[in-house]
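The values are calculated or read from the model by the stated rules, or taken from the named source; none is laboratory data. Note that the coordinates shown come from a computational prediction; the quantities given were computed from them, not determined experimentally. With ideal geometry, Cβ positions are generated from the backbone for all residues, glycine too; neighbour counts draw on all protein chains shown.
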Amino acid sequence: MKGQFPVEKFGALQTPFYYYDTRILRATLEVIKKEVDKIDNAVVHYAIKANANPQVLRTIREYGLGADCVSGGEIKAALQAGISPDKIVFAGVGKADWEINLGLEHGIFCFNVESVPELEIINELAAAKGVVAQVEFRVNPDVKAHTHANITTGMAENKFGIALGDIEQVIALAQQMQHIKFIGLHFHIGSQILNMNDFAALCNRVNELLTQFEKHHIKIDNINVGGGLGVDYQHPNRQAIPDFQEYFKTINSLIRRREGQVLHFEPGRSVVAQCGSLISKVLYVKQGTNKQFAILDAGMTELIRPALYQAYHKIENITSELPVETYDVVGPICESSDVFGKAVDLNKTSRGDLIAIRSAGAYGETMASQYNCRALPKGYVTEDLF
């Protein structure tokens, strides 16, 4: 076993594959549970879009977390993992009728509604079933998160949420609908946020809205602040567990809740990123004019984040102990963007060596594709190998 990887067990597995170290996952969940238990009336819904591996989901469910879903498929995955419907929230800017019906049939906790047309359809479908749908309204708070532009969601120009100036009118509309019960507000400003000042800015905006609604006698039972806490991609060993203490403390201390209000969180990446690694085999080492390439059997089809977001992942040769050399680490896909890292220092690398691409537990396996007619990667947890 080299480091935290059971390399001797990997030899029997077909690469590329995902490996989830459940020791790290469970340690992360223990910290989340400890910190949330310090907060009165707090609920955590794990954002399934980060990782929907069934075994990972079952482990998360063991620690009492609910689910934040953005598709009917994710609702099904949550239910199959044993997550109670009354802990499931359904978000997303484009919910199809069948997905809404699925949520209604299972009696999920609420729909996070993002537009008036969506609200009208939920009311219509709920009426057809003779049920009442609980809804929260996703407010676009116009708060800038200091993160990659493609994962910023809380600015006025983003497609998500209802504009601040429209929210009171939309609440009034919902309160007139017989098959809708308005229960709260939902926010989400982005992902991979490491600056707590961004969350503080969100809390300030939430407080402004609560004061505004109180003046107009609008009751808010639930406040959902979304997720967004980032992880340390540079040093996954040094900081395997994100700073949940500061995250939960910042939000809980700054939001001025009224009596009985429930505070909801939706962490995703921060729960699973550091427990997962993409394990790949070196196909060839190719000498270029001015550089050498380590060509892997994994590519952007298995982990698209570097191509999509120019994301950094720490890369390690977990089978070589030889002196370090420098490589461009690339995949086999017929796209110039199929590059995991340039000028990466690795122990001298040869054909057949195993490479671990770290911090890949979030938005890795779940975003994999079959481009170039490639097979989807399998995912294994620690318990599978011991």
Practice task
Scan the stretch 92-105 for residues that are surrounded by 16 or more Cβ atoms within 10 Å (Cβ to Cβ), of a type outside the set (A, V, I, L, M, F, W, C) and out of contact with any Lys or Arg (no Cβ under 9 Å at 6 or more places or on another chain) and jot them down.
Solution key: Gly92, Lys95, Glu99
Fill in the blank from the handout: For the stretch 253-273 the number of residues that are assigned to a helix (DSSP H, G or I) and in contact with a Lys or Arg (Cβ under 8 Å, 6 or more places away or on another chain) is 0
Practice task
Taking Phe386 as the residue in question, decide whether it is out of contact with any Phe, Trp or Tyr (no Cβ under 6 Å at 6 or more places or on another chain), modelled with pLDDT under 95 and hydrophobic (A, V, I, L, M, F, W, C).
Solution key: yes
Fill in the blank from the handout: In the stretch 350-362, anything surrounded by 24 or more Cβ atoms within 10 Å (Cβ to Cβ) and either without any contact (Cβ under 8 Å) to a residue 40 or more places away in the chain or in a loop (DSSP other than H, G, I, E, B) (or both) is listed as Ser359, Ala360, Gly361, Ala362
Practice task
Inspect the stretch 376-383 for any residue being within 21 Å of Lys9 (Cβ to Cβ), among the polar types (S, T, N, Q) and part of a strand (DSSP E or B) and give the result as yes or no.
Solution key: no
Problem - Lone qualifier among Ile223, Ile279 - being surrounded by 21 or more Cβ atoms within 10 Å (Cβ to Cβ), in contact with a Phe, Trp or Tyr (Cβ under 6 Å, 6 or more places away or on another chain), not hydroxyl-bearing (Ser, Thr, Tyr) and not in a helix (DSSP H, G or I) - result: Ile279
Fill in the blank from the handout: Reported set for the stretch 208-236 where residues are of a type in the set (S, T, N, Q) and at pLDDT 95 or above is Asn222, Asn224, Gln234
